[in-house]
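**Student:** Please find one structure pasted underneath; my questions will follow.
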Amino acid sequence: MTQKFDLAASLARGVESRSGAWSFIRGFAAHWASALENGDGWVEDDLIAAEERLGVRLPAALREAYLLFGRRRDLTSNHDVLLGPADLYVDDAGEALVFRHENQGAASWGVLLDGLQQDDPAVFIRLDLADKSAERWEQWLERLSLCFVEIVLSESLQADEELCDFLDPDDDSVELLEANSVRLPLPTYPIGEETRWFLGREVLLRDDDGAAILARGRTAEDLDRVRELIPGDWLSDIR
């Protein structure tokens, strides 16, 4: 009998350590998507080729993530894009190794070059601004492994329409969200809107500072249940 996956407890451990992050992602993939298998990650030769091309050593956490699930686009690239080893690059200013792009090019995520010697360095974000002189790398999350936990959770909200939906909330929506779910222990981002993560009954939810509520059910029935608990004009609700 397969042991039930406790998302909240596993996430709490995933937030605390690099090994906990990979354990959480394994469990989340098995319970909410499909279990990780051989071939879901890039191979060592791909990473060595990237290092030789770039002239840098990839941090241990980046190597581990790519080897474990780097080719699983359903976990990493439903909306924004995790770059493959052959597409990793150092930005034009020579400040950061870039590994992820926002889907319309509005932002990039990277690790500062002076942090590459760390096993699990901080991740920084750079917004694409009209005033290029104002663009700068700003800290996003304190550890790369934590960033991958956030990537997997965020990308899960952008999966199949049968499992995911979007609500333009009002004050009642946020109150109902808080009343019918539990807050998850994912750190808030240091810049931009206040984002809070919640877990309902087999439904993952994200409140984007009261401007949007995104939901992902384990099944279509789970998603329908949260629509009933939080009524409103859900984007994909065609019942």
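The values are calculated or read from the model by the stated rules, or taken from the named source; none is laboratory data. Note that this is a predicted model, so its numbers are computed, not measured. Don't worry about glycine lacking a Cβ; one is built from the backbone with ideal geometry, like all the others, and counts go over all protein chains shown.
**Student:** How many residues are part of a strand (DSSP E or B) and either without any contact (Cβ under 8 Å) to a residue 24 or more places away in the chain or among the hydrophobic types (A, V, I, L, M, F, W, C) (or both) when one looks only at the stretch 80-111?
**Tutor:** 12
**Student:** Considering only residues that are of a type outside the set (Gly, Ala, Ser) and within 14 Å of Leu176 (Cβ to Cβ), look in the stretch 197-214 and name the one that is surrounded by the fewest Cβ atoms within 10 Å (Cβ to Cβ).
**Tutor:** Restricting attention to the stretch 197-214, the residues satisfying the condition of being of a type outside the set (Gly, Ala, Ser) are 197-199, 201-209, 213-214.
Imposing the further condition that a residue be within 14 Å of Leu176 (Cβ to Cβ) reduces the set to 198, 201, 203, 205, 207, 213.
Details: Phe198: 21, Arg201: 12, Val203: 24, Leu205: 22, Asp207: 23, Ile213: 24.
This residue is Arg201.
**Student:** Which members of the stretch 88-122 meet the condition of being within 28 Å of Asp160 (Cα to Cα) and in contact with a strand residue (DSSP E or B) (Cβ under 9 Å, 6 or more places away or on another chain)?
**Tutor:** Within the stretch 88-122, Leu88, Val98, Phe99, Arg100, His101, Glu102, Asn103, Ala106, Ala107, Ser108, Trp109, Gly110 meet the criteria.
**Student:** While we're looking at this one, here's another question. Could you check Ile238 against (1) in contact with a strand residue (DSSP E or B) (Cβ under 8 Å, 6 or more places away or on another chain); (2) of a type in the set (A, V, I, L, M, F, W, C); (3) modelled with pLDDT under 95 and say which number it fails?
**Tutor:** Only one criterion is unmet by Ile238, namely (1).
**Student:** Regarding Arg136, is this residue of a type outside the set (Phe, Trp, Tyr), at pLDDT 95 or above and surrounded by fewer than 17 Cβ atoms within 10 Å (Cβ to Cβ)?
**Tutor:** Working: of a type outside the set (Phe, Trp, Tyr): yes; at pLDDT 95 or above: no; surrounded by fewer than 17 Cβ atoms within 10 Å (Cβ to Cβ): yes.
Answer is no for this residue.
**Student:** Taking Pro187 and the conditions (1) in a loop (DSSP other than H, G, I, E, B); (2) out of contact with any helix residue (DSSP H, G or I) (no Cβ under 9 Å at 6 or more places or on another chain); (3) in contact (Cβ under 8 Å) with a residue 24 or more places away in the chain; (4) loosely packed, with under 15 Cβ neighbours inside 10 Å, which numbered condition does it fall short on, given that it satisfies the others?
**Tutor:** Single failed check for Pro187: (2).
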